[in-house]
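Here is the structure we will look at, set down as structure tokens.
The values are calculated or read from the model by the stated rules, or taken from the named source; none is laboratory data. Since the model is a prediction, treat every value here as computed from it, not as a measurement. Because the Cβ atoms are built from the backbone with ideal geometry, glycine has one as well, and the counts that use them run over all protein chains shown.
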Amino acid sequence: MLKRFLSERPLRLPHIKPYVPRPSDPSIFWFNSERDDIVSEVVNRICTAHESDRTRLEIALNDAAFHEIRRLEKQRDEEARDRLGYWRSMIRRIGKMDDSEQRHVLHTIVTDMTRDVSGNFDPRVYRFARRAVPRLIGGVMEPRRLMAAAPEPLERVLKVEGDVEHLRRLQSEGSLVFVPTHSSNLDSIVLSQALEISGLAPTIYGAGKNLFTNPIISFFMHNLGAYRVDRRIRVSLYKDILKLYSQVMIERGYHSLFFPGGTRSRSGMIERRLKLGLLGSAVEAFTTNQVRRVDRPVWFVPTTINYALVLEAETLIKDWLMEEGQARYIIEDDEFSRIDRWFTFFRKMVGMRGACIIRFGDPIDPFGNRLGPGGQSLTPTGRAIDPGGYVEQRGKPVVDSVRDAAYTRELGEVLGQRYEQDTVLMSTQVVAHVLFRDLVQSTPGMDLFARLRLRGEIGLDREALCQELGEARDRLVALEAKGRVRTSEVVKEDAPAELLERALNFWSGYHDSTAATLEGNRVVLGDPALLLYYQNRLVSFAEDIASPDQLPAACEIEKLGVHR
Amino acid sequence: MSLRVGVVGAGGFGRAIALASARHGHDVVVWSRQDRDLPEPIRASTDIEVIRDCELIFMAVPARHAVTVAEELGEVVDGRHSMVHVSRGLVGADLKTITQVIRDKTVCRRLGALAGPLVVDALAEGRPSGSILGTGFPELTQMVRETLGGAGLRVYETRDVIGVELASATVGFLTVVLAYAQEIGLDPSTLAVVATRGMVEVSRIGQTLGAKESTFMGLAGLGDLIAAVAGDDRPEFRLGRALARGAKLSNAVGEVGTYVEGIDVARHLIEHARRLGLETPISSTFAAVTEGRMSQEDAIQALMERHVGKE
């Protein structure tokens, strides 16, 4: 009951003393006053696209009713009791409705769905969150600091890399679309803090409706610009609404954030196959502005979120192994929903230097071109070009959704490459890779699942391991010099023995099982599945960092990533 | 509607494309490094600037020149341009396709790869022929059909750009193998098995690079191979025959008198497959024979004794 109430009607603060935005405030501060206008623009565009074609309209209504009935029959909850009757009666009547009745029903459905998606932004909640969240996280990590006026320890855990100054300049000239890698449900929280630390404006973002069932998270999500995405709804109109909502917001100059991977990387690998729906909405926002002669560029910021310890690592890798990542799209019972795990996680992170690194990559235009200081699109040799040329046909900008879909696929490819180049490899990932490679090397011919059953059975000489670790690190640093990938400061600076100890400390006591432990002079592999998860970040580089005798094992590891 | 067409490269393919485009009434300019004599109304130039005003660009240079030519094009093209290449090769050990090279070196994004059983003379003279265009941009297909299509050339379309480029590049190598097999007197049925299974082999490798199997079995792959075997006098065919007559690879290449991209492509493909643990019986056996590591008889025996699985 409460779950449904919160997800349907999230809490808002009363309008006793509403905040009046100032001209210098970011665009999102005006969102509440523009919301109705945005909702009606989305509704009008969707309805106009369907109304001129009766067949298309009927298919859309039938599709909506069919999928909603199916979903609600499965859900068997209060919502089902309320809404099933409506949809069942509608699906029987669609064929008998005249044109105006069908259009009316479409309008009602689309309006309800768009309102449900649209978020809220309360500057008061934003200002409170700016102060409270770092202290809260800091307090969890070090309780004695909770009441103290001491500076928050958050910045010790969270490090921001990249040309933030460039992004600060661009944010007042166009719409920035942050497109990060996705490993954890903490990503949006961590990223919003990174934006805050960097002096960048808050963004709108889509959040799974399942996240709104936790009252505290629901309150913040709802009041900080999140729009709600109910992944259970399979209706094609709903997907159109989500994309168009995102598009209209970007057209209007709202900075935006979404995860092109769609869902958290189950394997721990860097995402290569991206979902193109929301990415396409941003490309179409650029085209629409060009056609309307609105001079508001759209720029993408490839961003990597790099954790030394991933809150939900065990559940994610288990899920990947069960069905190679396809088992469950929405996981509601993982570590993210367990508050005790949050405490252990944050406590673990605080003691460790460089435990989380957010790297803002160099921004690009919708066609993958890098940008000059003022946002000009540049060729590889630095010549400025007009990005509007990409959407011209015979000298005139035109909307062409098929062409834009092709540009979006290309952009997806570019982002995949940029994720690799901008990934910052962390201590746990490098150590896990070397350990896992040793496991593969010492079990030739064995399949992956047989290897994963070897819990506590393989021990490695610590000294030899440190030697391998040092060599792998040196090769990674050489790859970094070529711009292929990045490594964290500790990976670069620590002696191999320190690096090993750091990774073992990260793992010890957080996950239910231990990835590896030190027993005398031997490092014993605990849970190979956890090692697999952390090392998967390196699959693309396995061969480059292997010595000739490690090459067969490295090739086997690299094969894991072929169909990524 | 008349288009401004630029052709980069004035070799056989470049000239044929220029002639076909001009025949369709388009305004054609050809760029090449050396002065060329081309029939009116085709204009020829050695200044890359002439390409800047073109709407559609055909890049018709061998793969080994693709990087430097793309760099030069990078200075004159922008987002308004559309570009199609007709190269049959790949670049470097990491099997980079020509569209990838163009994407790296220029800001042109409306790209396509034209391949299949294209024959230079037929294209130049407008004799019936067919081809496949790999592109994500239907408007580009439309432009190519307007420029080269019509009664002379059927231009089919696929979105599998990398598939078209890989299939086209590997057909060169398979042509060498088939010419070799024919020259040493293998039966037509054996040739058919080598052609079909060879195509399966290269398509398996192609799929690891993102290509679709169906593209290898279509015009870009099998279709093109049939044209090669039917005798459109490709240098790859002459190379295969020379090797079968016992010539060393370097001598055979000299005998053919032109650079054959298929050999380099095969070498890199075999290496790529080895790293991924993929089986490449036909390619690897052929490489062993041509490098003198295996006799013809042993090669045939080794291939025939392999385990036979499902198709």
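For this structure, a couple of remarks:
- Sole residue being modelled with pLDDT of 95 or more and over 15 Å from the mean Cα position of the chain (by Cα), chosen from B:106, B:190, B:99: B:106
- Strands (runs of 3 or more DSSP E) contained entirely in the range B:1-54, each with at least 2 residues that are within 20 Å of the chain's Cα centre (by Cα) and either modelled with pLDDT of 95 or more or not aromatic (Phe, Trp, Tyr) (or both): B:4-8
- Filter result (facing another protein chain (nearest Cβ under 9 Å) and touching a strand residue (DSSP E or B) at 6+ places or on another chain (Cβ under 6 Å)) within the range A:366-378: A:369, A:377, A:378
- Restricting attention to the range A:88-104, the residues that are within 21 Å of residue A:51 (Cβ to Cβ) and free of Cβ contacts under 8 Å to residues at least 24 places away in the same chain add up to 7.
- The set of residues from the range A:249-267 being more than 13 Å from the chain's Cα centre (by Cα) and either surrounded by 20 or more Cβ atoms within 10 Å (Cβ to Cβ) or under 22 Å from residue A:316 (Cβ atoms) (or both) comprises A:249, A:250, A:251, A:253, A:254, A:255, A:267.
- Count of the range B:46-68 residues which are under 24 Å from residue B:115 (Cα atoms), of a type in the set (A, V, I, L, M, F, W, C), touching a residue at least 40 places away in the same chain (Cβ under 8 Å) and touching a Lys or Arg at 6+ places or on another chain (Cβ under 9 Å): 4
- Given (1) assigned to a helix (DSSP H, G or I); (2) within 14 Å of chain B (Cβ to nearest Cβ); (3) in contact (Cβ under 8 Å) with a residue 60 or more places away in the chain, number of the condition residue A:546 does not satisfy: (1)
- If you go through the range B:264-284 and keep only what is over 17 Å from residue B:197 (Cα atoms), among the hydrophobic types (A, V, I, L, M, F, W, C) and crowded, with 19+ Cβ neighbours inside 10 Å, you end up with just B:265.
- Test: residue in the range A:508-531 that is touching a residue at least 24 places away in the same chain (Cβ under 8 Å), within 14 Å of chain B (Cβ to nearest Cβ) and under 20 Å from residue A:425 (Cβ atoms): no
- Which listed residue, of B:85, B:81, is surrounded by 20 or more Cβ atoms within 10 Å (Cβ to Cβ) and within 14 Å of chain A (Cβ to nearest Cβ): B:81
- For the range B:221-234, the criterion of being under 23 Å from residue B:100 (Cβ atoms) and buried (at least 21 other Cβ atoms within 10 Å of the Cβ) is met by at least one residue.
- Members of the range A:490-503 found to be assigned to a helix (DSSP H, G or I) and either in contact (Cβ under 8 Å) with a residue 40 or more places away in the chain or polar (S, T, N, Q) (or both), listed by number: A:490, A:491, A:499, A:500, A:502, A:503
- Filtered by the rule that a residue be surrounded by 24 or more Cβ atoms within 10 Å (Cβ to Cβ) and under 23 Å from residue A:44 (Cβ atoms), the range A:216-228 gives a lone residue, A:225.
- At least 1 residues being more than 14 Å from chain A (Cβ to nearest Cβ) and more than 17 Å from residue B:170 (Cα to Cα) is the threshold, and among the helices (runs of 4 or more DSSP H) wholly inside the range B:215-311 those reaching it are B:235-244, B:249-256, B:281-290, B:296-304.
- Output for the range A:377-392, where each listed residue is without any contact (Cβ under 8 Å) to a residue 60 or more places away in the chain and either aliphatic (A, V, I, L, M) or touching a helix residue (DSSP H, G or I) at 6+ places or on another chain (Cβ under 9 Å) (or both): A:377, A:378, A:379, A:380, A:381, A:383, A:384, A:385, A:390, A:392
- Residue match in the range B:116-123 (condition: within 14 Å of chain A (Cβ to nearest Cβ) and more than 26 Å from residue B:269 (Cβ to Cβ)): no
- Residue B:43 being of a type in the set (Lys, Arg) and free of Cβ contacts under 8 Å to residues at least 24 places away in the same chain: yes
- Residues that are charged (D, E, K, R) and away from chain A (no Cβ under 13 Å), drawn from the range B:124-147: B:125, B:127, B:145
- When A:359, A:341, A:353 are checked against the criterion of being modelled with pLDDT of 95 or more, more than 30 Å from residue B:80 (Cα to Cα) and away from chain B (no Cβ under 14 Å), a single residue qualifies: A:359.
- If only residues of the range A:395-430 that are within 8 Å of another protein chain (Cβ to nearest Cβ) and charged (D, E, K, R) are counted, the one that is nearest to residue B:54 (Cα to Cα) is A:403.
- From the options A:273, A:228, residue that is in contact (Cβ under 8 Å) with a residue 40 or more places away in the chain and assigned to a loop (DSSP other than H, G, I, E, B): A:273
- Taking the conditions (1) in contact with a strand residue (DSSP E or B) (Cβ under 6 Å, 6 or more places away or on another chain); (2) modelled with pLDDT of 95 or more; (3) buried (at least 20 other Cβ atoms within 10 Å of the Cβ) in turn, residue A:535 satisfies each one other than (1).
- Any hit, the range A:465-487, residues being over 29 Å from the mean Cα position of the chain (by Cα), assigned to a helix (DSSP H, G or I), within 14 Å of chain B (Cβ to nearest Cβ) and surrounded by fewer than 17 Cβ atoms within 10 Å (Cβ to Cβ): no
- Any hit, the range A:167-187, residues being surrounded by fewer than 21 Cβ atoms within 10 Å (Cβ to Cβ), among the small types (Gly, Ala, Ser) and touching a residue at least 40 places away in the same chain (Cβ under 8 Å): no
- Matching residues in the range A:381-394 - criterion: being of a type outside the set (D, E, K, R) and at the interface with chain B (Cβ under 10 Å from one of its Cβ atoms): A:381, A:384, A:385, A:387, A:388, A:389, A:390, A:391, A:393
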